[in-house]
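Undergrad: My questions all concern the structure below.
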Amino acid sequence: MKIADFNFAGKKAIVRVDFNVPLDENGNVTDDTRIRGALPTLKKVLADGGALIMMSHMGKPKGKVNEKLSLSQIVPNVSAALGVEVKFAKDCGNASEEAAALKPGEALLLENLRFYPEEEGKPVGVEKGTPEFDAAKKEMKGRQQEFAKKLASYADCYVMDAFGTAHRKHASTAVIDEYFDKDHKMLGYLMEKEVHAVDAVLGNIKRPFTAIMGGSKVSTKIGIIENLLTKVDNLILCGGMTYTFAKAQGGHIGLSICEDDKLDVALDVIKKAKENGVNLVLGTDSVCGDAFKNDCNTQVCPSGAIPEGWEGMDAGPETRKLFANAIKGAKTILWNGPAGVFEFDNFDGGSKAIAEAIAEATKEGAFSLIGGGDSVACINKFGLADQVSYISTGGGALLEAIEGKVLPGVAAIEA
């Protein structure tokens with residue numbers, strides 16, 4: 001079923017959205033990209049004359065109620081974006097009354113799904129790898145099924161529109177669908193766009209293809225890096241992982257972040273890049289600080305010769321030129337992860353150089369796909385969101401899709 005073909009008139013629709021938005025210490029939303037991303041789907045339900053039930057997670061409460069992660073904090077933002085007063089159900093697992101009372105054109109937001117361990121389906125308080133864990137896991141799977149059934153009971157149809165969690169086999173993303181027939185479950189507009197954007201990158205690669213992978217750890221990106229080494233012409237590796245590569249090649253990195261147990265992995269990536277004829281671009285110089293804060297003392301050092309007591313916090317001026325040159329002229333661009341501690345204004349130059357080079361290449365006809373919370377925050381910070389082809393709302397889901405993995409949240413609808 002395609003959402004465009006479905007008429008929600010007189011029906012209650014439960015929509016899995018991704019409202020895992022960043023909040024400041026006072027519970028105010030600092031970036032509403034994900035709320036805005038869900039609007040086409042949500043407004044379609046209401047415009048058809050349907051009743052709207054929204055469900056989402058926020059953060060990692062690990063199956064316990066945590067007021068700092070309550071979705072009640074974002075009700076005003078969702079109400080303002082939707083243009084209707086959104087009601088709130090304080091307990092997502094016991095919202096039958098609120099759901100039943102909902103009239104056409106009205107909207108309800110359920111409390112954080114992850115306040116229930118059944119959402120993620122992981123046993124709580126049991127050591128992994130023990131016989132107890134296996135028994136607890138089996139028991140939890142049964143509870144997850146019941147939890148999904150309860151959520152499904154609130155509505156007549158189900159819409160999956162949370163690309164950010166589509167790679168998770170959670171109750172609300174890949175179990176609840178079992179309680180709706182194929183004519184009453186569908187992907188939302190955002191999910192459709194995300195799936196098409198990934199297809200545009202992988203199904204129709206126009207060359208040169210440049211991928212930029214940033215972030216602090218090689219370990220979280222190794223699967224995607226190895227996959228990209230068989231697809232890209234240029235691979236830029238930046239951010240904190242720069243220093244794992246620098247140390248692996250015998251460099252001195254001072255206090256810079258480093259995964260000492262991944263030095264051999266870094267060397268293997270360098271070797272595979274050569275074997276595949278991929279131009280691997282690593283930072284040659286860094287802006288270093290003597291403390292992890294915006295207003296520390298700074299100096300520019302070679303990335304493999306950082307003095308004791310200093311740490312690399314951004315790509316240096318020479319590295320920025322290298323990055324820009326690898327992006328210039330590209331016809332397909334993928335960016336996931338910043339080049340430095342971009343949250344600090346004094347260390348956002350590397351990420352800004354990447355963002356500006358991508359905007360320039362897009363103007364010249366490249367298809368540019370930006371994904372992952374930090375990269376999206378970068379693009380928004382520099383005011384360049386309207387100068388790239390597509391901004392993905394999912395980090396992990398995007399990477400897994402590009403790795404070629406089947407996303408449970410998509411498979412559940414398309415099965």
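The values are calculated or read from the model by the stated rules, or taken from the named source; none is laboratory data. Values in this document were obtained by computation on a predicted structure and should not be read as measured data. Note that each Cβ is placed from the backbone with ideal geometry, even for glycine, and that neighbours are counted across all protein chains shown. Please note that ligands, DNA and RNA were not included when accessible areas were found on the heavy atoms of the full protein model with its side chains. Shrake-Rupley method; radii C 1.70, N 1.55, O 1.52, S 1.80 Å.
Undergrad: Give me the percent of the accessible area of segment 157-204 that comes from carbon and sulfur atoms, probe 1.4 Å, all protein chains in place.
TA: Accessible surface attributable to carbon and sulfur in segment 157-204 totals 48 percent.
Undergrad: Per residue and in Å³, how big is the convex hull formed by the alpha-carbon atoms of segment 34-193?
TA: For segment 34-193, the hull spanned by Cα atoms encloses 111 Å³ per residue.
Undergrad: Something else now. By how many nm would the segment from ALA305 to ALA101 grow when fully extended, if each residue of separation counts as 0.36 nm and the alpha-carbon distance is taken off?
TA: Numbers: separation 204, 0.36 × 204 = 73.44 nm, distance 6.56 nm.
My answer for the length gained is 66.9 nm.
Undergrad: Which of the trypsin sites (Lys or Arg not before Pro) across segment 154-204 are loop residues per DSSP, with 14 or fewer other Cβ within 10 Å?
TA: Details: sites: ARG168, LYS169, LYS182, LYS185, LYS193; in loops: ARG168, LYS169.
Here no loop site has a sparse enough neighbourhood.
Undergrad: Here's another thing I want to ask about it. Rounded to whole Hz and in sequence order, give me ³J(HN,Hα) for segment 227-234 from the Karplus expression 6.51 cos²θ - 1.76 cosθ + 1.60, θ = phi - 60°, writing x for Gly and Pro.
TA: 5, 5, 4, 9, 10, 8, 9, 10
Undergrad: In addition: Give me the accessible area per residue for segment 157-253, probe 1.4 Å, as a whole number in Å².
TA: Computed with neighbouring chains in place, this is 33 Å² per residue.
Undergrad: Tell me which residues come under 5 Å, amide H to amide H, from GLY188 once H is placed; ignore anything under 5 positions away on its chain.
TA: MET160, ASP161
Undergrad: Let me ask something else. Can you give the three extents of the C-alpha atoms in segment 1-128 along their principal axes, from longest to shortest, in whole Å?
TA: Each principal axis gives a Cα extent; for segment 1-128 these are 47, 29, 27 Å.
Undergrad: Can you list the equivalent-ellipsoid semi-axes of segment 321-389, largest first and in whole Å, using the square root of 5 times each Cα gyration tensor eigenvalue?
TA: 18, 13, 10
Undergrad: Roughly how much of VAL300 is accessible, in Å² to the nearest 10, using a 1.4 Å probe?
TA: Probe radius 1.4 Å; accessible area of VAL300 about 80 Å².
Undergrad: Given H placed on each backbone N at 1.01 Å, which residues far from MET313 in sequence or on other chains put an amide H within less than 5 Å of it?
TA: It is VAL287, CYS288, GLY289, by chain and number.
Undergrad: Using only the heavy atoms of the protein chains and a 1.4 Å probe, how would ARG207, ARG16 rank by accessible area, largest first?
TA: Ranked list, largest accessible area first: ARG207, ARG16.
Undergrad: Something else about it: For segment 187-268, what D do you get in µm² per second when you plug the Kirkwood radius from alpha-carbon pairs into Stokes-Einstein at 20 °C and 1.002 mPa s?
TA: After rounding, the answer is 149 µm²/s.
Undergrad: Using the Kirkwood radius built from alpha carbon pairs, what does the Stokes-Einstein equation give as D for the chain at 37 °C and 0.692 mPa s, in µm² per second?
TA: 145
Undergrad: While we're looking at this one, here's another question. Using the Karplus equation 6.51 cos²θ - 1.76 cosθ + 1.60 (θ = phi - 60°), what ³J(HN,Hα) coupling, rounded to whole Hz, does each residue of segment 169-178 give in order, writing x for Gly and Pro?
TA: 8, 9, 4, 7, 10, 8, 10, 4, 4, 5
Undergrad: So, one more: What does the extension gain come out to for VAL126 and ASN28, with contour length at 0.36 nm per residue minus their alpha carbon separation?
TA: Working: separation 98, 0.36 × 98 = 35.28 nm, distance 3.48 nm.
Stretched fully, the VAL126-ASN28 segment lengthens by 31.8 nm.
Undergrad: Right, next: Long-range amide H contacts for VAL86: which residues qualify at under 5 Å (H placed 1.01 Å from N, peptide plane, sequence gap of 5 or more or a different chain)?
TA: Hits under the 5 Å cutoff: SER79.
Undergrad: Would you kindly state how much longer the chain becomes between ASN94 and ARG36 on full extension, computed as 0.36 nm times their sequence separation minus their alpha carbon distance, in nm to one decimal?
TA: Answer, rounded to one decimal: 18.1 nm.
Undergrad: Find the centroid of the Cα atoms in segment 102-174 and in segment 385-415, then give the distance between the two in whole Å.
TA: So the two Cα centres are separated by 20 Å.
Undergrad: I've got another one for you. Over segment 178-314, what per residue volume does the convex hull of the Cα atoms give, in whole Å³?
TA: Output value, Cα hull per residue: 174 Å³.
Undergrad: Ok, one more. Leaving ligands, DNA and RNA out of it, rank ASP348, ASP199 by accessible area with a 1.4 Å probe, largest first.
TA: Output order, biggest surface exposure first: ASP199, ASP348.
Undergrad: Quick one: ranking LEU267, LEU202 by accessible area, 1.4 Å probe, largest first, what do you get?
TA: Details: LEU267 80, LEU202 45 Å².
Heavy-atom accessible area, descending, gives LEU267, LEU202.
Undergrad: Provide the per-residue ³J(HN,Hα) series for segment 248-255, in order, calculated from phi with Karplus coefficients 6.51, -1.76, 1.60 and θ = phi - 60°, each as a whole number of Hz, with x at glycine and proline positions.
TA: After applying 6.51 cos²θ - 1.76 cosθ + 1.60, I find 4, 8, x, x, 9, 10, x, 8 Hz.
Undergrad: Treating the beta-carbon of each Lys and Arg as +1 and of each Asp and Glu as -1, no other charges, what is the dipole magnitude of the chain about its Cα centre, to the nearest 20 debye?
TA: 820
Undergrad: Here's a follow-up. Once you order the gyration tensor axes a ≥ b ≥ c over the Cα atoms, which shape class does segment 256-325 get: rounded for a/c under 1.5, otherwise prolate or oblate by comparing a/b with b/c?
TA: oblate
Undergrad: At 1.4 Å probe size, what's the solvent-accessible area of MET1? Round to the nearest 10 Å².
TA: Counting only protein heavy atoms, the figure is 90 Å².
Undergrad: Another one. Give me the percent of accessible area attributable to carbon and sulfur for segment 287-411, probe 1.4 angstrom. Before the final figure, lay out the partial values.
TA: On the way: 2440 of 4850 Å².
After summing per-atom areas, the C and S share lands at 50 percent.
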